[in-house]
Amino acid sequence: MTQQYYIASSRELPTGSFGKNKTVMTIRDYIEKVNPSAKDQIVMQALLEKDPEGDQLMDIFETELDAAGLYVAGPMKSVDASCPFRHPYIYQVDPDGGSFEMSDEKKLSSPEYYQCSRKCITELFQYIDRHLKTGEELELYSCTDYGFDRSWDLPNQDDLMIDLSTFQLGDNFEWKERQLIRVRK
């Protein structure tokens, strides 16, 4: 059972990874210039077994916050009739390296994870702002899937409307399960 997050739009949106701060280098350069002891690690040995010259590219992140961001995949090819969206283009969106929840409690108990989650949420709204035209609206929805079965349960009563022109992310935010969030620009 996994929590899934979706964006529905009236038109196609860009997919991929957003917001990460990475350096790309070859395995050889990483071992020679950044971390010589990495050649003794099991994962690196497996990579070098497949590519003895070390020419394969890899992403390097300085901190966990650099690795946090947003991943958007889709659009989904088939959606059943119970889907709560009004818009036809449905994308799965994932908080990469954090979550779509931040609270005072998490800020105190796990400050680094809180910052990563804040970055994931910020990237979500920046992505929406960049790709939504003035006057357009899109929908966000979260639900649980059970293996290969997606549960498009009816939205709960915590529906939310966010107007990007006035929205300011505070210290607390949670994209709740079965919550339909409409975002307008």
Candidate set: segment 92-106, residues that are without any contact (Cβ under 8 Å) to a residue 60 or more places away in the chain and not in a loop (DSSP other than H, G, I, E, B); chosen: the one farthest from LEU13 (Cα to Cα): GLU105
Near pairs, Cβ below 6 angstrom, 6+ apart or cross-chain, from segment 154-175 (among the aliphatic types (A, V, I, L, M)) to any residue that is at pLDDT 90 or above and open to solvent by 60 Å² or more (accessible area, probe 1.4 Å): LEU164/ASP129; LEU164/LYS185
Condition met for PRO111 (closer than 30 Å to ARG11 by Cα and more than 13 Å from the chain's Cα centre (by Cα)): no
Every residue from segment 56-91 that is closer than 16 Å to LEU13 by Cβ and modelled with pLDDT under 90: MET76, LYS77, VAL79, PHE85, ARG86
Filter result (loosely packed, with under 12 Cβ neighbours inside 10 Å and in contact (Cβ under 8 Å) with a residue 12 or more places away in the chain) within segment 74-85: ASP80, SER82
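Taking LYS22 as the residue in question, decide whether it is open to solvent by 40 Å² or more (accessible area, probe 1.4 Å), in contact with a helix residue (DSSP H, G or I) (Cβ under 7 Å, 6 or more places away or on another chain) and modelled with pLDDT of 90 or more.
On the way: open to solvent by 40 Å² or more (accessible area, probe 1.4 Å): yes; in contact with a helix residue (DSSP H, G or I) (Cβ under 7 Å, 6 or more places away or on another chain): yes; modelled with pLDDT of 90 or more: yes.
Spelling it out, LYS22 is indeed open to solvent by 40 Å² or more (accessible area, probe 1.4 Å), in contact with a helix residue (DSSP H, G or I) (Cβ under 7 Å, 6 or more places away or on another chain) and modelled with pLDDT of 90 or more.
Among the residues of segment 36-55, which ones are on the phi < 0 side of the Ramachandran plot and either open to solvent by less than 40 Å² (accessible area, probe 1.4 Å) or aromatic (Phe, Trp, Tyr) (or both)? Walk me through how you get there before you give the answer.
The first filter runs over segment 36-55 and keeps only residues on the phi < 0 side of the Ramachandran plot, leaving 36-53, 55.
ALA38, MET44, ASP51, listed by residue number.
Mind checking whether some residue in segment 1-18 is surrounded by fewer than 12 Cβ atoms within 10 Å (Cβ to Cβ) and in a helix (DSSP H, G or I)? Steps first, answer last, please.
Initially, segment 1-18 is screened for residues surrounded by fewer than 12 Cβ atoms within 10 Å (Cβ to Cβ), giving 1-2, 14, 16.
Next cut, in a helix (DSSP H, G or I) only: none.
No, segment 1-18 contains no residue that is surrounded by fewer than 12 Cβ atoms within 10 Å (Cβ to Cβ) and in a helix (DSSP H, G or I).
I'd like to know if segment 56-71 contains one or more residues that are in contact with a Cys (Cβ under 9 Å, 6 or more places away or on another chain), in a strand (DSSP E or B), surrounded by 15 or more Cβ atoms within 10 Å (Cβ to Cβ) and not aliphatic (A, V, I, L, M). Talk me through it step by step, then tell me what you get.
Going residue by residue through segment 56-71, those that are in contact with a Cys (Cβ under 9 Å, 6 or more places away or on another chain) are 64-65, 67-70.
Right, trim to in a strand (DSSP E or B) and you get 69-70.
Retained after the next criterion (residues that are surrounded by 15 or more Cβ atoms within 10 Å (Cβ to Cβ)): 69-70.
So of that shortlist, the ones also not aliphatic (A, V, I, L, M) come out as 69.
Within segment 56-71 (the criterion being in contact with a Cys (Cβ under 9 Å, 6 or more places away or on another chain), in a strand (DSSP E or B), surrounded by 15 or more Cβ atoms within 10 Å (Cβ to Cβ) and not aliphatic (A, V, I, L, M)), the answer is yes, since at least one residue qualifies.
The values are calculated or read from the model by the stated rules, or taken from the named source; none is laboratory data. On a predicted model such as this, the values are computed, not experimentally measured, just so you know. Positions of Cβ are generated from backbone atoms using ideal geometry, with glycine treated the same way; all protein chains shown enter the neighbour counts. Accessible surface is based on the protein model in full, side chains and every heavy atom, while ligands, DNA and RNA are left aside. Shrake-Rupley method; radii C 1.70, N 1.55, O 1.52, S 1.80 Å.
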